[in-house]
Amino acid sequence: MRRFFVQFGQFSGAFLALLFLLEIPIQWNYKTQNADMADWQKLEGINADIVFIGNSRTWHSLDADTASQKTGHNIYALAQDGWQVRLLNQKLKTYLKQNRQPEFFFIQADPAFLGTRTNWYSKSNFLKYLFLDREGLQDLMKAYEGYHWWDWSIPTIRYAGLPGRYIIDATGSNMGIHRRHGTLPESAGVQERLPAIPMDVWKCSVRSTAWIDSLKGQCPSSKIILWHPPISQALSEKRDITAITSYSIEHNVPLFDLGKASLADSMFKDNTHVNKFGSIWTTDTVVAFIQELNALQQP
Amino acid sequence: MLFNSPEFLIFLPIVFGLYWFVTQRNLKAQNLLLLVASYVFYGWWDWRFLGLIALSTIVDFLVGIRIEEAPDKARKKRWLWVSLAVNLGILGYFKYANFFIENWITAWDSLGVAMHASTLQIILPVGISFYTFQTLSYSIDIYRGNLKATRDPVAFGAFVSFFPQLVAGPIERATNLLPQITSPRTFTYEQGRDGMRLILWGMFKKVVVADSCAPYVDMCFDNPEAFSGSTLILGAILFSFQIYGDFSGYSDIAIGTAKLFGFELMTNFKFPYFSRDIAEFWRRWHISLSTWFRDYLYIPLGGSRVSKPKAIRNVFIIFLVSGFWHGANWTFIAWGGIHALLFIPLFLRGTNRKNTNDVLAEGRWLPSPHELLQMGWTFTAVTIAWVFFRADNIELAGHYMANWTEIAGKAPSSRMLFTTLGPAGAVAGDWLLRENKLYSERKWLRWGVYIAMAIIILFSWSDESTQFIYFQF
């Protein structure tokens with residue numbers, strides 16, 4: 001029995017040591033990666049005039065780099081694929097610790113913004129932050145279904161079933177984040193239309209707008225604008241944004257609604273995300289809107 | 001409780017610790033622990049069906065004693081019928097009632113008589129086919145005088161519900177397992193080491209092979225019209241590996257876990273895809289079931305020592321019943337029938353026992369081209385039969401294979417092709433294991449294999465634990 005336990009202990013130790021070794025490149029990249037492409041926490045020195053916050057729909061819709069060049073303003077897209085409001089709140093908090101408040105703050109406000117869902121959404125996107133509780137996400141993530149204590153305490157184990165994600169994080173491959181302008185639309189493979197998100201499971205309505213207040217509350221000196229990225233015609237017919245329009249009227253916050261624009265299906269990669277043609281159209285429309293605002297000083 | 005679930009990772013060390021460190025000096029306490037642990041293991045799925053196991057246990061425990069004490073053959077037989085009626089009655093009701101009702105209605109409908117009967121809302125208890133066969137073999141062996149009835153209800157309860165093999169086998173014989181339960185066990189390093197190796201290899205086959213094949217198999221069988229013939233053929237091949245990885249993986253984990261508790265269960269798989277003909281395949285696939293049918297059905301029917309027509313009838317009966325054992329669906333019966341048709345020519349030529357050596361290509365690194373051809377043919381035949389096993393109905397199976405010549409439709413994706421790496425790894429591992437060469441004498445190399453397997457399992461592990469296919473039988 002003793003020999004068995006000794007051998008089993010040695011094997012477990014060797015396996016755990018290997019898991020630690022596999023963790024090193026992830027943590028190394030987390031701390032040191034600070035080139036043109038930056039990670040979530042590398043947000044210092046941006047000081048954007050205009051910040052857009054949202055999920056993958058903001059990410060896919062807006063080319064903040066192009067918009068910055070065309071308007072002459074420093075525009076930053078603080079978006080993240082699959083991240084929800086409570087996580088974006090944390091991200092905004094991190095951004096504001098290192099940068100001044102923007103003059104204009106565009107908050108994505110549409111039914112596809114996953115306000116209060118608690119199921120684990122795109123967990124793979126923030127695996128690199130979990131071990132050692134990077135960015136203080138642990139308390140935040142406990143609220144989500146699929147939370148495991150071992151994600152935080154056992155190295156590498158959280159990459160179970162996700163070898164591709166491990167390679168991306170270990171090699172420091174970027175997640176499409178531009179150092180100066182934040183997330184940028186994907187450039188490759190966007191013409192291919194993906195399978196449609198089933199209409200019958202899509203609840204295209206918003207009941208609570210408390211999450212708008214939570215984001216808005218962090219930027220008291222910014223001018224707030226609600227923005228609705230484009231949406232496919234199939235979803236457009238189903239959408240119900242009564243709560244958002246009511247909020248806009250009651251709080252005197254402008255609503256920049258591109259959801260009502262009837263874009264052709266050829267401008268979407270699926271029902272909720274535009275492709276590169278849709279992104280060009282959206283970016284041009286955003287540029288025109290910002291120019292119309294005419295409230296900013298030319299730099 | 002699933003072997004590939006976090007619950008089992010906690011359950012196993014607790015039971016192991018209590019078994020070897022708290023109850024080791026007291027055999028009765030150790031057996032009671034096994035019994036309680038087994039009921040917890042099963043009840044984790046649905047505690048309500050523990051009553052069925054308890055009923056089967058009590059009936060066969062009492063019947064066993066009655067058979068032994070009965071003064072004459074006629075009374076012994078009467079008690080045996082009680083066991084058969086209870087066990088097959090439970091199995092028939094929970095597994096086959098709806099099948100017979102539906103076919104009864106269909107038969108009358110085809111004669112133009114409209115029948116109005118509704119099927120029953122019956123949940124199939126996990127593992128029912130396994131433990132009922134196990135208890136049946138106990139009563140039959142006592143009736144035949146091959147075994148003494150036990151007077152220890154706890155030991156007998158532990159035998160029926162022994163958690164490593166309760167829900168998906170191997171289907172143990174009382175003559176093998178019960179004496180081990182009634183004798184003191186000792187832990188040996190070799191047995192513990194072999195147990196851990198089997199658990200690791202079983203997990204590899206389940207997680208890396210079966211679970212990675214499953215989505216592509218489902219994709220092909222759910223919508224065969226959408227795919228080209230090459231994709232559908234690959235889908236069928238992947239199913240061959242899925243069911244092998246799933247079932248033999250479970251058996252390996254079961255046998256390995258039993259070893260940790262000092263038990264030796266019977267071998268259930270001996271590298272079946274290295275078989276050179278169908279007869280050899282059935283000596284290597286689900287051995288505990290095929291030998292059960294051989295000993296308790298085929299031989300009592302006369303086996304091969306009767307006239308040729310009767311012998312052929314016996315072969316058909318054993319294969320068809322074996323198919324029906326798997327489930328109440330004509331697809332399983334067709335699957336059994338196909339195997340019978342493949343077996344009969346060998347049987348008639350007297351070549352069904354030609355390839356009986358356990359180790360193929362012994363002492364060689366590779367099989368000969370002739371052996372390779374034989375293995376390829378057998379695998380192809382088995383794969384075609386698996387299509388019937390996997391399809392929801394006979395029509396779908398026919399439709400699936402009819403589309404194999406289609407050029408139109410989606411070709412295999414690169415991800416689907418990539419998935420074949422798992423089965424390729426399993427084949428390579430099995431090839432080395434057939435001569436015990438997977439685990440080198442050199443420690444660093446052996447440990448390298450262990451750790452590589454553990455890492456591959458980790459990176460292949462799905463968040464959603466998938467059930468073992470054979471649980472449904």
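By the count of neighbouring beta-carbon atoms within 10 Å, fewest first, B:75, A:57 end up ordered B:75, A:57.
Look at the stretch B:452-458: the mean tally of other chain Cβ atoms within 10 Å of its residues' Cβ atoms is 4. Averaged over the residues of A:156-166, the number of partner chain Cβ atoms lying within 10 Å of the residue Cβ comes to 4.
When each of the peptides B:260-268, B:90-98, B:401-409 is scored by how many other beta carbons lie within 10 Å of its residues on average, the order from highest to lowest is B:260-268, B:90-98, B:401-409. Rounded to two decimals, the Cα-based Rg/Rh of segment B:357-447, with Kirkwood Rh, is 1.09. The largest-to-smallest principal axis extents of the Cα set in segment B:210-253 are 37, 14, 11 Å.
Which residue, chosen from B:167, B:126, B:345, occupies the Cα position most advanced towards the positive end of the dipole of chain B, where the dipole is computed from +1 (Lys, Arg) and -1 (Asp, Glu) charges on Cβ about the Cα centre? Working it through, the farthest residue towards the positive pole turns out to be B:345. Charge tally around residue B:238: other residues with Cβ under 11 Å, Lys/Arg +1 each, Asp/Glu -1 each, net 0. With contributions of -39500 (n - 2.57) from each DSSP H run of at least four residues, the per-residue ellipticity at 222 nm computed over chain B stands at -20500 deg cm²/dmol. For the protein assembly as shown, the Kirkwood estimate of hydrodynamic radius, built from reciprocal distances between every pair of different alpha carbons, is 30.5 Å. The phi-based Karplus calculation (6.51 cos²θ - 1.76 cosθ + 1.60; θ = phi - 60°) puts the 3J(HN,Hα) values of segment A:131-146 at 5, 6, 6, 4, 6, x, 8, 4, 4, 5, 7, 4, 6, 8, 5, x Hz, whole numbers, x for Gly and Pro.
Write down, largest first, the equivalent ellipsoid semi-axes of chain B in whole Å, where each equals the square root of 5 times an eigenvalue of the alpha-carbon gyration tensor.
Sorted largest first and rounded, they come to 34, 31, 23 Å.
Summing Lys and Arg as +1 and Asp and Glu as -1 over all other residues whose Cβ lies under 11 Å from the Cβ of residue A:165 gives a net charge of +2. Amide H contacts of residue A:48: none lie under 5 Å away among residues 5 or more positions distant or on a separate chain (H built 1.01 Å from N in the peptide plane; Pro and chain starts excluded). Within segment B:164-212, the proportion of C-alpha pairs whose separation exceeds 13 Å stands at 72%.
When B:360, B:9 are arranged by Cβ crowding within 10 Å, least crowded first, meaning fewest neighbours, the order is B:9, B:360. Net charge dipole, chain B: roughly 1700 debye, given to the nearest 20, about the Cα centre with Cβ charges of +1 for Lys and Arg and -1 for Asp and Glu.
Taking beta carbons within 10 Å but only from partner chains, what does the mean come to for residues A:3-15?
On the way: counts 5, 10, 2, 1, 6, 3, 0, 2, 6, 1, 0, 5, 6.
Per residue, the average neighbour count from other chains is 4.
Electrostatic bookkeeping for residue B:66 treats Lys and Arg as +1 and Asp and Glu as -1; over the other residues with beta carbon under 14 Å from its beta carbon, the sum is +3. Could you point to the residue in B:52, A:146, B:380 farthest towards the positive end of the protein assembly as shown's charge dipole, with +1 and -1 charges on the Cβ of Lys/Arg and Asp/Glu respectively? Looking along the dipole axis, the top candidate is B:52.
When every alpha-carbon pair in segment A:243-291 is counted, what percent end up more than 12 Å apart? Can you show the working numbers first?
Numbers: 808 of 1176 pairs.
Here the tail beyond 12 Å accounts for 69 percent of pairs.
Simple spin-label estimate for residue B:74 and residue A:139 gives 8.3 nm between the two label positions (7 Å along the Cα-to-Cβ direction from each Cα). For chain B, the relative contact order works out to 18 percent when only alpha carbon pairs closer than 8 Å and six or more residues apart are counted. Counted by neighbouring Cβ atoms within 10 Å, the residues B:276, B:193, B:48, B:78 run from fewest to most as B:48, B:78, B:193, B:276.
Quick note: the coordinates plus some simple rules give every number you see, no bench work behind them. Just so you know, these numbers come straight off a predicted model, no measurement behind them. Cβ: placed from backbone, ideal geometry, glycine included. Neighbour counts: every protein chain shown.
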